[in-house]
Amino acid sequence: MDQIELRGLRVRGRHGVLAFERRDGQDFLIDAVLSVDTRPAAATDDLTLTVDYGTLSERLAQIVAGEPVQLIETLAQRLASACLDEPAVQRVRITVHKPQAPISLPFSDVAVTITRDRPVQAVLALGSNLGDRRHELQQAVDQLAATPGVRVTAVSPVYETDPVGGPEQPDYLNAVVLAQASLPAADLLRRAHAIETAARRTREVRWGPRTLDVDIIAYGDELSADPVLTLPHPRARERAFVLAPWRDADPDAELPGYGPVAELLAGLPGQGLRRRDDITLRRPA
């Protein structure tokens, strides 16, 4: 991504733990580095396709001059959120400098720097055919919701599915989770594997039975041929047990590179798929 940098924005604020900081205030310096694809704006010379840094600087100044907080970490988060409200901004790095911090020794600066990404919609497929299947799926939903940088937004109905390939084994329960994720896809994959491990998932037999499967189906519009994490999932378009619950959770969903999920599903055979309305999963608050 290209970068737009706003550095050294000086604003008077009343942030701090000590009473005199809240009373008298002090100067804060703000640096904002915005990751933006500037090509559409450059091609059209259209300000609405990039970031109006003049307007944004006024918004950031209002936050610094506004409601006081104790920690500059909190202030940095508020500033980052304001930057990500700009449609063109995909990532922001905010540094809050507090050069007049109440420190008794000589120093030149105190600063906190944070980096935040625009959340993207992640689609994860869950499956289980060993043990208490519903419990395993609910545990996976709960653990995803407890992951920093992940906010579960929807949980699909549950489907029961005949096993496909592999040895003879019990039927599966399947569901899809939609989440807003602000952590990299690779980190989400590591978390998915950790959740599987906590459920005692083993991989001795290819396409064999398992207590829990957590697959990343799509991560925003990202396309990747990386064999470790291929995006979208290379077999998702062929799997009714992924597409049917995904369509139920989001009727307008599209599989990146392949089109509407509902149309893909309509072109597939039933694959032994049965919706189980008697089994439900709870979306954590």
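What follows draws every value from the coordinates through simple rules; no lab data is involved. Keep in mind that what you see is a predicted model, and the values were worked out from it rather than measured. All Cβ positions, glycine included, derive from the backbone under ideal geometry; neighbour counts span all protein chains shown.
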Problem set entry | FRET efficiency for ASP45 and THR113, using Cβ-Cβ distance with R0 set to 35 Å, rounded to 0.05 | 0.60
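Given an 8 Å cut-off on Cα distances and at least 6 residues of separation, report the relative contact order of the stretch 2-117 as a percent. Write out the running numbers ahead of the final one.
Working: 211 pairs, mean separation 32.9, N = 116.
Computed over the stretch 2-117, the figure is 28 percent.
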Problem set entry | Angle between the chain longest axis and helix 53-65 axis [Cα atoms, degrees, rounded to 10] | 80
Seminar exercise, completed: Between ARG151 and ASP85, Cβ-based FRET efficiency (R0 22 Å, step 0.05) works out to 0.85
Problem set entry | Dipole-positive endmost among ILE216, PHE28, GLN121 within the chain (Cβ charges, Cα centre) | PHE28
Seminar exercise, completed: the chain: longest segment with zero exposed GluC sites (Glu not before Pro), where exposed means DSSP loop plus at most 11 other C-beta atoms within 10 Å, is residues 1-167
For this session: Compute the long axis of helix 72-84 from its Cα atoms, compare it with the longest principal axis of the Cα atoms of the chain, and write down the angle in degrees, 0 to 90, nearest 10.
Result: 70
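Could you work out how much longer the chain between ALA225 and ASP171 gets when fully extended? Use 0.36 nm per residue separation minus the Cα distance between them, nm to one decimal. Intermediate results must be reported in sequence, preceding the final value.
Details: separation 54, 0.36 × 54 = 19.44 nm, distance 3.06 nm.
Fully extending the segment from ALA225 to ASP171 adds 16.4 nm.
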Problem set entry | In degrees, nearest ten, helix 240-249 long axis to first principal axis of the chain (Cα) | 50
Exercise. Of the residues SER108, SER81, SER224, which exhibits the maximal mean-square fluctuation in a Gaussian network model of the chain defined by a 10 Å Cα contact cut-off?
Worked result: SER108
Seminar exercise, completed: GNM on the chain, Cα springs under 10 Å; top mean-square fluctuation among ALA43, ALA179, ALA266 goes to ALA43
Seminar exercise, completed: Going fewest to most other Cβ atoms within 10 Å around each Cβ, PHE20, PHE241 line up as PHE20, PHE241
For this session: Grab the DSSP H runs of the chain that are 4 residues or longer, score each as -39,500 (n - 2.57), total them, divide by all residues and round the 222 nm result to the nearest 500 deg cm²/dmol.
Result: -8500 deg cm²/dmol
Exercise. Rounded if a/c is under 1.5, else prolate if a/b is larger than b/c, else oblate: which is the chain, with a ≥ b ≥ c the root eigenvalues of its Cα gyration tensor?
Worked result: prolate
For this session: If a/c stays under 1.5 just call it rounded; otherwise compare a/b with b/c (prolate if a/b is bigger, oblate if not). Do that for the stretch 124-194, with a ≥ b ≥ c from the square roots of the Cα gyration tensor eigenvalues.
Result: prolate
Problem set entry | the chain - percent relative contact order, Cα under 8 Å, separation 6 or more | 16
Problem set entry | Lys/Arg +1, Asp/Glu -1 at C-beta; the stretch 2-117 dipole; positive extreme among PRO40, THR50, GLN100 | GLN100
Exercise. Nearest 20 debye, what's the magnitude of the dipole of the chain about its Cα centre given +1 on Lys and Arg Cβ and -1 on Asp and Glu Cβ?
Worked result: 780
Exercise. Based on the Cβ-Cβ distance of ARG276 and ASP142, what FRET efficiency does E = 1/(1 + (r/R0)^6) give at R0 = 25 Å, to the nearest 0.05?
Worked result: 0.80
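Let a ≥ b ≥ c be the square roots of the eigenvalues of the Cα gyration tensor of the stretch 160-285; is it rounded (a/c under 1.5), or, if not, prolate (a/b larger than b/c) or oblate? Please list the in-between numbers first.
On the way: a/c = 1.30, a/b = 1.04, b/c = 1.25.
Here the stretch 160-285 falls in the rounded category.
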